[in-house]
Amino acid sequence: MARAYTYITKYTSPNQNARNRKIAGITAHWWGTPSGQSPEGVVSWLCDKRAGTSAHYVVSEDTVWCIVDPDRRAWHAGNSRANHTQIGIELDPNASRRASTERTAAALIADLRGTYGNLPLSPHKRWTSTQCPGNWDLGRLDKLARGKQPVAVKPSKPAGSGKLVEDGRLGTATSKALQKILGVKRDGRLGPDTYKALQKHLGGNVIDGLIENQSYKPTELGNGVGPHGWQFTGRGSKGSATVRRLQRHVGVKADGVLYEGTTKALQKALNAGTFRAVSRPSGGASAPAKPAVQNGKLTEDGRLGTATIKVLQKRLGVTQDGRAGEDTWKALQKLLGTVVDGAVSHQSYRATELGNGVVPRAWRFTGRGSKGSKMVVALQKKVGVKADGVWFEGTTKALQKALNNGKL
Ligand SMILES: [Zn+2]
């Protein structure tokens, strides 16, 4: 089921941070009185750090640019609290493009309501002294949005027969049906616990509760996927081993990237009752997950889990709680001779993407392509990997090897 508009996600604004409140509404903007400014020019400016401002979406004619994940806080309202609660949409002011822009904006608003509930639509001027959104008629836009079926984010509903609608949307109904078979809590939102159970069910070697290297965001798959345990790495990502197993199991192309085709096949398998029978490798039982520590040695799997951190903490002489935070980083910084501030700065991967051994508070995620940290450069040199300052699996693997061999 396709969206009613062209959806572009390849530009990301740095002018964003985490929300500390639940999404409660949608705020409409326009980019000033009609002028020569192209939507591409607006997207490019809002994605520039110097702008110091952003929005979640820019809409013009039949195109939507998503430049900030709606689950994060974009800087658009000129009001801190409103930024925490609102999804900001920047609308093309040009009258000659009004009809098509309005249709697209209405479809986007319907899709957002499909995911986040019945959000009210407000003008920017509700939050601060401004003329924005100028001559946009929000009453009309709201009405138009309410007349549209959310297509891209249509939740999967069980049909009257108790069967899932095989619509390719990973909504709460599909998630619940999957959770029921896996024997985990049926909250209708996939997360680390469900992924772990799925990894076990499919006979994976790694049970880490993480779906890695995905090309689509949870919000693009449906409202049955939570933000935790899901690693979005941009379009064209290499995919995850767990998803490849799932795809083989439900009989679709095993590219490791979960999207509508895989969901549809999963829904079909759940409806047909064929999901339960997992094909085992010859010999009977499925391959057990490798423990994080075997015969006193860390498994060199590139996951920065609690076992690896405990061994590191032991080496550093700090409390072995298996969670690296300020104290562990300070001790590591002392050992490596870099600035001792207890934080790992400029990282391209989130703490949760590395493993469950990292405390997010002392970990500074600044987006993909970040410049890296001096402490990590020093660590990478020490363990013999490329010193780019960005910590990910290769660095963890080399660290595990060094810890196993007493080389740190
Ligand atoms: Zn505005």
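Each reported figure results from applying straightforward, stated rules to the coordinates on display, with no laboratory input. From a predicted model like this one, the values you see are computed outputs, not experimental measurements. Cβ coordinates were reconstructed from backbone atoms using ideal geometry, including for glycine residues, and neighbour counts include every protein chain displayed.
Which entries of LYS297/LYS397; LYS238/LYS268; LYS180/LYS238; LYS334/LYS386; LYS217/LYS374 have Cα-Cα distances beyond 19 Å here? Please report the intermediate quantities before stating the final value.
On the way: LYS297/LYS397 13 Å; LYS238/LYS268 25 Å; LYS180/LYS238 29 Å; LYS334/LYS386 21 Å; LYS217/LYS374 31 Å.
Correct reply: LYS238/LYS268; LYS180/LYS238; LYS334/LYS386; LYS217/LYS374.
Residue separation times 0.36 nm, minus the C-alpha to C-alpha distance between PHE392 and ASN20: what's the value?
Gain on extension, PHE392 to ASN20, equals 131.2 nm.
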Under the Karplus curve 6.51 cos²θ - 1.76 cosθ + 1.60, θ = phi - 60°, whole-Hz ³J(HN,Hα) for segment 12-20, x wherever Gly or Pro sits: 10, 7, x, 8, 7, 7, 6, 7, 10
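Could you tally the net charge around LYS407, taking each other residue with its Cβ under 12 Å from the Cβ of LYS407, Lys/Arg +1 and Asp/Glu -1?
+3
Packing-wise, with mean Cβ within 10 Å as the measure, how do 126-133, 358-365, 219-226 rank, highest first?
On the way: 126-133: 15.6, 358-365: 17.2, 219-226: 22.6.
In decreasing order of mean packing, 126-133, 358-365, 219-226 become 219-226, 358-365, 126-133.
For segment 6-146, report the % of Cα-Cα distances exceeding 25 Å. Could the numbers behind the result be given before it?
Working: 1503 of 9870 pairs.
Cα-Cα pairs in segment 6-146 separated by more than 25 Å: 15 percent.
How big is the dipole moment of the chain about its Cα centre under a simple scheme where the beta carbon of each Lys and Arg is +1, that of each Asp and Glu is -1, and everything else is neutral? Debye, nearest 20, please. Display every interim value, and only then the final one.
Details: 63 positive and 30 negative charges, 215 e Å.
Dipole magnitude for the chain comes out near 1040 debye.
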Residue-averaged [θ]222 nm for the chain, counting only DSSP H segments that reach four residues, each worth -39500 (n - 2.57): -10000 deg cm²/dmol
Cα gyration tensor shape for the chain, rounded if a/c is under 1.5, else prolate or oblate: oblate
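Subtracting the Cα-Cα distance from 0.36 nm times the residue separation, let me have the gained length for THR6 to ASN295 in nm, one decimal. The partial results should precede the final answer.
Values: separation 289, 0.36 × 289 = 104.04 nm, distance 5.37 nm.
Residue separation times 0.36 nm, minus the Cα-Cα distance, leaves 98.7 nm.
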